[in-house]
Structures are given as structure tokens and as C-alpha cells.
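Working notes, beginning with the structure itself.
The values are calculated or read from the model by the stated rules, or taken from the named source; none is laboratory data. Bear in mind the structure is a predicted one, so any value in this text is a computation, not a measurement. Positions of Cβ are generated from backbone atoms using ideal geometry, with glycine treated the same way; all protein chains shown enter the neighbour counts. The area values use the complete protein model at the heavy-atom level, side chains included, leaving out ligands, DNA and RNA. Shrake-Rupley method; radii C 1.70, N 1.55, O 1.52, S 1.80 Å.
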Amino acid sequence: MKLILFILISISLAQNWQQIAKSEIGKTIIQTIQISLRQDASFEQIRQSLTQLKNDILADQQSEQSVLEERQQQCDSQSASAQEVVTIAQGRKAAQEEKLPLIKSELADKQEQLAAKSGEEGRNYDRITGLTSQRNQVRQAYNARRDELIQLVGVLEEAKQLLQTIKSFAQKEQILVQIKNSITYFQKIIPEKGSYHALISILLTQMHSNVSQEGVQKVTSIIDALVDSIFQVQKQETISDDQNEADYQKQKARFEFANQRLAASIASLQADVFQLQVRQTETQNEITAQGQTIQIKSQELKDWQQTCSDAQISYNIVNDNLNEQIKIIDEVLTLLDGKEVEETVELIQNIRI
């Protein structure tokens, strides 16, 4: 019976050692024990070595735990820092995005006002140009008319002087023809509605070759009346031209004053538009910058989270391996716990790795 029990125990021990030999650490431990036994080391020495190895592994576990905790603290700190930056950037970006439509709306309104004021200013300048062009045309016509009348007066005065120099019939006929031709030329360019046109017609009918001395006096009187009529016309036309000039200057001054006021408004609007354009650009740049910050810091946050995850995974793998080593060492220590018997030594030495 004792023999059977011994055989069963031996078989169980052999199976336990074979199970240990299936792992790499088990193989290494068994090979180390085999070498130690060949060097005549006792079970107690081997147990001490294995206990020291176990303690070293436990120390490694503690070290790995400390490294993991430090890494986790670093990850948590860096992740929190990155998340804080992302949160702040998101808030700033949202605030700028909320402001941007208001700035654009205000800018569009100011640009519309500027366009309206500039258009009004341009139309006023066009009105001034039109008034000036019209005034120049009227002035040119007035000057031409004045020059013609002055020349006509000169002709009439000259005719009057010539009439006073008549001393013979032949001389009278020649002078009358000369005067009639000059006055006829000017009659063609004088408007028929002129107040002196009828007098010229009467004057021309009086200038015939057989006019008497009394007729010459009558012609002279008609010339005097005609010259006086011309002077009256010139006076009226001068008054009318002065009034036209006054009206022109008044209207021109009104448009110029309006443009002075518009110029101040336009300058103010241009400054507003410029400032709003600057604000719009700055706001858009801020949105872009905060968006880039969010993108960079979000990626940084993901990287730290991945680093933390990788560190935990790596620690778990190492820790599981160390636990497995401790488990096997404990199993070996259990198998070696007891008396050093020759059968156990032989069993260990015969294990094939």
C-alpha cells in the first residue's frame, strides 16, 4: 500500500514538474535548478535563490506600478491642460462666430450708405458741371450779342457822322448807299423781335438817293432813336445776364455746400467702413486661429489619451507576466518544500526541456 502511495505521489510530482516546464520561465527555473544540483547545491540554497528571485520580481512590479502611476499623472495633467485649452478656444471661436454676422451686416449697411452718399455727391458735381456748361453757353451768346450790338452802334454812329458831311448830291448818293449796305448786313443778324428792328426797317426806307435835307435830318433822328433803343436793349440784357449769373452762382453754391456736408459724411463713412473691414478681418483671423488651436490641441489630447491607454496596456502585459513568474516560483517552492530526497533530485534532473 505504501508503495502504491509512493508511486502515485511520484507520478503527481512528475506531472507538476512537466506542467511547470511548459512555460518559458518554468523552463528557465528548472534548467537553473538542474545546474545548481549538478553543482551540489542544496534545496535550501535553491529555495533561497528562488525566494530572492521572487522578491526581485515583486520589486520590479512595484517599480512598474510607480512608473505607470507617474505616467498616468503626466497623462492626466497633460490631457487636462489640452482639454482646458480646447474648451477656452471653443468658447472664443463661438464668440467670434457670433460677432462676425453682426459686423458683416453693419459693414454692408455702412457700404450702402457710403455708396448712396458718394452717388449723391457725384450727381451734385454733374449738376454743377451742367449748370456751368449751360451758363457758359448763355454767357457766350450774351457776349456775342453784345459785341454785335456794339458794332451796330458803331456803324450807326459812323453813319450819323457821314450824314453830317454830305455837301453834294453825288456825295449824298454814295454815302447813303454805303450806310444802307452796312445797316442791311446787321439787320440780317438782328432778331426780328428786337425792339429796334422796326426802327432799322424805317431807317432803310428813308435812305434813298433823292432824300431831301429834311429827310437827312429825319434819318439822323431815326439813328439817334435806334442807338438809344440799342442801349436800352443792352441794359436789359446786361441786367438779365447779371441775374442769370446770380442764379447760377446761387445754384452752384447750393450744390457745393451740399457736397461739403456730403464730404464730411463720406469721410466718416469711409472711416467706419475701414474700421469694420479691419474688425471683420481680425474676427475671421481669430476664428481661423482658434479653429487651428482646437484642431492641434484636440489631436494632442487624443495622443495623450492614447499614450495613457498604451501605458496601461503595456503595464498589464508586464504585470501579468510577472504574476505568472511569481506563480510558477511559488509552485516550485512548494514542490521543493520538504526533505531533500534523492528521488526528487533524480526527478528534476531527468526533466527534458
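Just reorder SER118, SER105 by solvent-accessible area, largest first, 1.4 Å probe, all chains present.
Descending accessible area places them as SER105, SER118.
Do any of LYS54/LYS327; LYS93/LYS297; LYS27/LYS54; LYS99/LYS297; LYS104/LYS297; LYS160/LYS218 go past 18 Å between their Cα atoms, and which?
Flagged as over cut-off: LYS99/LYS297; LYS104/LYS297.
Can you sort THR293, THR87 by solvent-accessible area, 1.4 Å probe, largest first?
THR87, THR293
Rolling a 1.4 angstrom probe over the protein chains, ignoring ligands and nucleic acids, what is the accessible area of LYS54 in square angstrom, nearest 10?
50
Please work out the FRET efficiency for the pair SER23 and GLN48, using the Cβ-Cβ distance as r and a Förster radius of 25 Å; give the result to the nearest 0.05.
It comes out at approximately 0.65.
Considering only protein heavy atoms, what is the solvent-accessible area of THR288 at a probe of 1.4 Å, reported in Å² to the nearest 10?
Number for this one is 70 Å².
For the range 280-333, with all protein chains present and a 1.4 Å probe, just round the carbon and sulfur fraction of the accessible area to a whole percent. Before the final figure, lay out the partial values.
Details: 1510 of 3170 Å².
Result for the range 280-333: 48 percent of the exposed heavy-atom area is carbon or sulfur.
Treating cross-link reach as a plain straight distance, find the aspartates and glutamates whose alpha-carbon is under 20 Å from the alpha-carbon of LYS252, omitting any fewer than eight places away in the same chain.
Straight-line reach from LYS252, under 20 Å: GLU120, GLU121, ASP126, ASP241, ASP242.
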